Amino acid sequence: MLTLKKIRTLLKKLENKIISLAALSYVVKLNKRKTLEVAVFLEQQGYLQQWNGHEDHWTIAMRGQVLIHKKFYKLFKPSTMQSHVDELIKRAAIVNAAVKYPDYVVCLKITSEYPIKTSGNGVTIAFALDRKNISVDEYKRAENALRRSSNIRSGNIIEYLSYPHKAIQKLLKSGSRILRVKEFSMKDIQHLAGTVIFEENKTPEGKDDILL
């Protein structure tokens with residue numbers, strides 16, 4: 001069975017070429033009769049077009065070109081996606097307890113399908129932060145400590161100022177290919193459609209028991 005991925009792989013091998021029946025036969029590793037059936041199928045589906053009216057020569061049609069450059073995303077099982085969500089919630093709790101971070105996670109909201117019942121290419125998460133109940137000096141010290149521990153450049157003022165929040169976002173995502181994590185203000189996140197999976201209503205103080 002020719003899936004879209006297999007068709008794309010085949011077309012990539014033939015891109016920018018005038019495709020003879022013999023050349024196609026070599027690529028698909030079939031005899032000429034079977035190869036002709038494949039060619040006719042691809043032509044009927046709009047992936048190939050006859051070249052200059054020749055019935056045994058083709059070029060890749062526009063639809064084929066679109067398929068060549070189409071991105072296919074890996075599908076993950078519901079249980080796998082849920083496990084990444086569960087670990088995300090644990091990391092949010094770590095942020096809120098760690099003195100290292102001057103801000104805390106107020107809310108995590110899933111804006112994609114939830115509960116997760118079907119396979120998919122990922123989970124979209126919105127999060128909001130607020131400052132911890134610490135002094136201005138403590139807040140600045142924690143911010144600067146995060147910046148020093150990174151490769152952040154002080155010359156890029158926007159990157160420099162936003163890094164403490166970016167550091168939390170980086171921890172929340174933790175390199176997951178499944179989680180798509182984006183920050184929103186506390187006001188904006190309330191208006192997003194979705195399901196709240198984590199919420200911190202109090203303003204926690206920085207603690208010394210978790211030093212990440």
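Just so it is clear, none of the values below were taken in a lab; they were calculated from the coordinates. Not measured: the values here are computed from a predicted model. FYI the Cβ positions are ideal-geometry reconstructions off the backbone, even for glycines, and counts take in every protein chain you see.
Stokes-Einstein at 20 °C, 1.002 mPa s, Kirkwood radius from Cα pairs: D for the chain in µm² s⁻¹?
For these conditions, the coefficient is 101 µm²/s.
Rank the residues Y139, Y47 as a footprinting-exposure proxy: fewest other Cβ atoms within 10 Å of their Cβ go first.
Y139, Y47
For region 1-123, count all C-alpha to C-alpha pairs, find those more than 25 Å apart, and express that count as a whole percent of the total.
51
I want to check the label-to-label distance for V66 and S20. Put each point 7 Å from Cα in the C-beta direction and report it in nm to one decimal.
Result for the modelled spin labels: 3.2 nm.
So how tilted is helix 78-97 from the main axis of the chain? Cα-based, degrees 0 to 90, rounded to 10.
Value to nearest ten degrees: 20.
Which residue, H165, H57, H84, has the most motion in a Gaussian network model of the chain that connects Cα atoms within less than 10 Å?
Its mean-square fluctuation being the largest, the pick is H57.
Which value, in Å³ per residue, describes the convex hull spanned by the Cα atoms of region 4-68?
About 73 Å³ per residue, rounded to a whole number.
Go through region 25-68 and name the trypsin sites (Lys or Arg not before Pro) that are in a DSSP coil and have 14 or fewer other Cβ atoms within 10 Å of their Cβ.
For trypsin sites (Lys or Arg not before Pro) across region 25-68 that sit outside H, G, I, E and B with at most 14 neighbouring Cβ atoms in 10 Å, the list reads K29.
Can you sort D137, D103 so the residue with the fewest Cβ neighbours within 10 Å comes first?
Ordered from fewest to most neighbouring Cβ atoms within 10 Å, D137, D103 come out as D137, D103.
Counting other beta carbons within 10 Å of each Cβ, put M62, M81 in order, fewest first.
Ascending Cβ contact count within 10 Å gives the list M62, M81.
Using the reciprocal of the averaged 1/r over all distinct C-alpha pairs, how large is the Kirkwood radius of region 78-199 in Å?
By the Kirkwood definition, the hydrodynamic radius is 15.2 Å.
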